[in-house]
Structure formats: C-alpha cells, structure tokens
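S.K.: Take a look at the following structure, please.
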Amino acid sequence: MENIIVETMVGYKDPQWWAIITALLLGLFGIFQDRIRSIFWKPKIKVNMKLKSPDCHKIAMRNSQTGQFVCDSYYFRFFVENSGNFQMENVEAIITEVSKKEINGEYKKIESFLPLNLVWAHYHNVAMPKIQPHLFKHLDFGHITKSDFANLEYFDIQTSSNVVFQFDLAVIPNHGSHILLPGDYNITIKFAANNLSPVIKKYNFIIADKWDDDERIMLQNNVSIKELK
C-alpha cells in the first residue's frame, strides 16, 4: 500500500500532467477570453454639448458645386467621448422620438417624425468605426438658418417664422419631419455600438424665433439644450 501511495504522488509531479492542465486552462481562456476581457476592459460613452465653439458655432453654407455663398447657419454638434478603457466600435446614434410643448404645457409626440440616424461631423457617415479610450468625435445634431433658406416650399411647409432648425440625418425625409419650427421640444436619442449596450439620452431643446448675426448672442440667448435626467 505504501508503494502505491508513493507512485501516485510521483505521478502528480509528472510534467505531462501539468502540460495537460495548462493546455486545458489555455483552451478555456481562448473560449471565454472575450467575456473575461469585457469584465475588465470596456468602453464607456459620454455625451455632451456646450453652446459654444467647437461644439456649436456659426458657419457659412455654400453651393457644393460652385462654392458660392448661400447663407449663414448655426451648427450644433454633440461631443461624444469614450471615457472607458477600451475602444468603442461602430458607434451610431438615432433620434427615436420628438415631442413638442403645447399651449397647455404638456409635450405631445410628433407622430409624423421619422426616426433616422444622425451623421458624424466631417465624415458624414452613420457609424463611426471606432473611438479610442479618452478620445472623442463630434456628432452632427443639426443647424439653424433663416427660414428663407430652408427650401420649405419643397416640403410644403408654410410658416411666418424667422428661423428653422433642421436635423442632420443620414436620409432627408420627403415629408420634412427633419425640420423643426421655433418652439420647445423634448428629443430622445439612442446611442449604441458593437461592444456597448444601447444608451438612451433625452434632451430639452428650445429654439427662439430670433436670428442674430452675433454668434455669442445667438447661442446664449436664442437657443437652449439641456439633458433630461
């Protein structure tokens, strides 16, 4: 019996056993490595917008073919940051709902609004391939122009408003639901990525029916955007 115990103990010290155990552990790690890595390494989205440059500013709109000046506009962009420790992959955002404040103080959903993706600033693509940790990209939200330059007749929109706001969407709806007249709105936006669970953000967006050529006055006095908790 004593010899059997000794042989068994020697067997456990056999390098072949350790090689088998190591191979099994490496195999398990290979199968579950993505899950294990996601526990410690993950992206985290942070969205903000400040009503000043570079998030928002006045720019000239020009004819894409001739370069001729058309009108001034005020552009609004979200500052989308990855505050995690792993890259965000194929990041996109879609406006899912828009509601407008009525005379009675209640917000009523605009049923005609067509949910569509916003586009990334400068790139004009729907999905941003990646945003590295502690870096950011700007996401176009929309722009304000004087109503005379918004081509409202094409969308059969009649208004006496001085200004209009247009969402910067991947596709422009034929019925013009991307156009907001001055008013008080609640807007819901869903952000998502391949390696990020969807994040829903809600904003209160107020557009005054006023235009000012002074960027500081326009952004401070005539527009408001606040995240709703």
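S.K.: Only one of 191, 205 is farther than 28 Å from residue 153 by Cα and surrounded by 15 or more Cβ atoms within 10 Å (Cβ to Cβ); which?
M.R.: Working: 205 fails: farther than 28 Å from residue 153 by Cα.
Step by step, each of 191, 205 is checked, and only 191 is farther than 28 Å from residue 153 by Cα and surrounded by 15 or more Cβ atoms within 10 Å (Cβ to Cβ).
S.K.: Run residue 132 past the list (1) surrounded by 16 or more Cβ atoms within 10 Å (Cβ to Cβ); (2) without any contact (Cβ under 8 Å) to a residue 60 or more places away in the chain; (3) over 18 Å from residue 200 (Cα atoms) and report the number of the one that doesn't hold.
M.R.: The failed condition is (1).
S.K.: Residue by residue through the stretch 97-122, note down the ones that are surrounded by 14 or more Cβ atoms within 10 Å (Cβ to Cβ) and closer than 22 Å to residue 81 by Cβ.
M.R.: Once the filter is applied, which keeps residues that are surrounded by 14 or more Cβ atoms within 10 Å (Cβ to Cβ) and closer than 22 Å to residue 81 by Cβ, the stretch 97-122 yields 117, 118, 119, 120, 121.
S.K.: Okay, moving on. Would you confirm whether or not the stretch 55-65 contains a residue that is in contact (Cβ under 8 Å) with a residue 24 or more places away in the chain, part of a strand (DSSP E or B), in contact with a Ser or Thr (Cβ under 6 Å, 6 or more places away or on another chain) and open to solvent by 50 Å² or more (accessible area, probe 1.4 Å)?
M.R.: Among the residues of the stretch 55-65, at least one is in contact (Cβ under 8 Å) with a residue 24 or more places away in the chain, part of a strand (DSSP E or B), in contact with a Ser or Thr (Cβ under 6 Å, 6 or more places away or on another chain) and open to solvent by 50 Å² or more (accessible area, probe 1.4 Å), which makes the answer yes.
S.K.: OK, next. Determine if the stretch 169-178 includes at least one residue that is in a strand (DSSP E or B) and not aromatic (Phe, Trp, Tyr).
M.R.: Quick first cut of the stretch 169-178, residues in a strand (DSSP E or B) only: 169.
From what's left, not aromatic (Phe, Trp, Tyr): 169.
Yes, there is a match, as at least one residue in the stretch 169-178 is in a strand (DSSP E or B) and not aromatic (Phe, Trp, Tyr).
S.K.: When residue 52 is evaluated against the numbered criteria (1) charged (D, E, K, R); (2) more than 25 Å from residue 92 (Cβ to Cβ); (3) modelled with pLDDT under 85, which criterion, by number, is the only one it fails?
M.R.: (3)
S.K.: Here is a follow-up. Please determine, by comparing only the residues of the stretch 208-229 that are more than 22 Å from residue 148 (Cα to Cα) and touching a strand residue (DSSP E or B) at 6+ places or on another chain (Cβ under 8 Å), which one is surrounded by the most Cβ atoms within 10 Å (Cβ to Cβ).
M.R.: Of everything passing the filter in the stretch 208-229, 225 is surrounded by the most Cβ atoms within 10 Å (Cβ to Cβ).
S.K.: Any residue in the stretch 173-196 that's more than 11 Å from residue 97 (Cα to Cα) and in contact (Cβ under 8 Å) with a residue 60 or more places away in the chain: show its pairings with residues that are acidic (Asp, Glu) and open to solvent by 10 Å² or more (accessible area, probe 1.4 Å) at Cβ separation under 7 Å, as long as the two are six or more apart or on different chains.
M.R.: Going by the 7 Å Cβ cut-off, the qualifying pairs are 192/92; 193/89; 194/89; 195/89.
The values are calculated or read from the model by the stated rules, or taken from the named source; none is laboratory data. Here the structure is a predicted model, which means the values were calculated and not measured. Note: ideal-geometry Cβ built from the backbone for every residue, glycine included; neighbour counts use all protein chains shown. Keep in mind that these areas ignore ligands, DNA and RNA; they rest on the heavy atoms of the full protein, side chains included. Shrake-Rupley method; radii C 1.70, N 1.55, O 1.52, S 1.80 Å.
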